[in-house]
Amino acid sequence: MALDQRPVEKLDRAVIFLGPPGSGKGTQAKVLAGKFGVPHLATGDMLREHIAKGTPLGQKAQPIMARGELVPDSLVLRMVAERIERPDCSHGFVFDGFPRTVAQAKYLGEMLRSQGFKQPFVIHMVIGYALLIRRLTGRRTCKVGGEIYNIYDRPPKVDGVCDNDGGELLQRPDDREEVIQPRLHAYEKLTSPLVSYYRRLGALHEIDASKSVEEVEQEILQAVASMRGAR
Ligand code: AP5
């Protein structure tokens, strides 16, 4: 039976998507979480929700995200800790955009151990710079259901309209070219050290994220299946 046709199995751990802005973390994390029936925890989406609701956290995060910088660890860690304590996370979850600093990774390791989870699987999305720019400048997201499109590579059937629910497709404010550079810089400086951090723990699995969405999805499913078989 093809991997993606198997019935839902338990994940029982955290899967972390690690990769630069635009590498396809959100696109793939959503699919993987759906296959295992576990929550997709995207810290960027959670922060954008706080901004939309005007919460104190959202008010602090908004100017920082608009500049393409990282939100301070203390704020993000509190938000994540509250989320993974909820009962729907008891069989595992898929992180998209978290952890993003070594301090966040260490804190997460402690949280997972204290809740009885095994070591996380880390999917490292490997991709070149030119493709990232194309993906970020071309991305459009449905205002209603959050479906992700790309005007170059994954266009909707009707310009500006979501195929699923007819929602308006919007460009993220941080996908403007002047904000993309600081985001890529923040990734290089603060997040890319996590590649060697997780490699040393034997938890890292590299995926060629430059392939098509479907090919990347298959590669991830194979990696997760082999990781689960090995432990
Ligand atoms: P966040 O929302 O996490 O953004 P990001 O990491 O910059 O990643 P993106 O969402 O831009 O890209 P992605 O890799 O998910 O790609 P996607 O699947 O959408 O963070 C935003 C901000 O929040 C940060 O800058 C920071 O300020 C703050 N923040 C968040 N988490 C934080 C944390 N832990 N600590 C501190 N601050 C934090 O795909 C991109 C495009 O490519 C789409 O158009 C898609 O359709 C297309 N695409 C995807 N895959 C393919 C493919 N295989 N082939 C062709 N096109 C593809």
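Residues in segment 105-112 carry Karplus couplings, in order, of 5, 5, 4, 4, x, 5, 4, 5 Hz; the curve used is 6.51 cos²θ - 1.76 cosθ + 1.60 with θ = phi - 60°, and Gly or Pro positions show x. Counted without the sites themselves, the longest stretch of the chain free of GluC sites (Glu not before Pro) in a DSSP loop having at most 14 other beta carbon atoms within 10 Å is 86-231.
By the scheme Lys and Arg +1, Asp and Glu -1, what is the net charge of all other residues having a beta-carbon under 11 Å from that of Thr137?
Numbers: positive: Arg134, Arg135, Arg139, Arg140, Arg172, Arg176; negative: Asp175, Glu177.
After counting each charged neighbour, the total is +4.
Can you pull out the trypsin sites (Lys or Arg not before Pro) in segment 165-204 whose DSSP state is coil and whose Cβ has at most 15 other Cβ atoms within 10 Å? Kindly include the intermediate steps, with their values, before the conclusion.
Numbers: sites: Arg176, Arg183, Lys189, Arg199, Arg200; in loops: Arg176.
Qualifying residues, ordered by number: Arg176.
Considering segment 171-223, its Cα convex hull presents a mean projected area of 5.1 nm². Positive contributions from Lys and Arg (+1) and negative ones from Asp and Glu (-1), summed over other residues with Cβ under 13 Å from the Cβ of Glu147, come out at +2.
Please compute the Kirkwood hydrodynamic radius of segment 139-231 from all pairs of different C-alpha atoms, in Å with one decimal.
One over the average 1/r among Cα pairs gives 16.1 Å for segment 139-231.
Between amide H atoms placed 1.01 Å from N, distances below 5 Å from Arg140 occur with Tyr149, Asn150, Ile151, all of them 5 or more places distant or on a separate chain. Taking 23 Å as the limit for the C-alpha separation, the pairs Lys30/Lys118; Lys25/Lys106; Lys25/Lys211; Lys60/Lys118 exceed it in the case of Lys60/Lys118. Taking the alpha-carbon distance from Lys35 and a cut-off under 19 Å, which aspartates and glutamates remain once sequence neighbours fewer than 8 residues away in the same chain are dropped? Within reach: Asp4, Glu9, Asp12, Asp88, Asp96, Glu147, Glu214, Glu215, Glu217, Glu219.
What is the Cα radius of gyration of the chain over 2.2 N^0.38 Å, N being its residue count?
Details: Rg = 17.1 Å, N = 231, 2.2 N^0.38 = 17.4 Å.
Rounded to two decimals, the normalised Rg is 0.98.
Since every read-out is calculated from the coordinates, none of them should be taken as a lab result. Keep in mind that what you see is a predicted model, and the values were worked out from it rather than measured. Backbone-built Cβ (ideal geometry, glycine too); neighbour counts: all protein chains shown.
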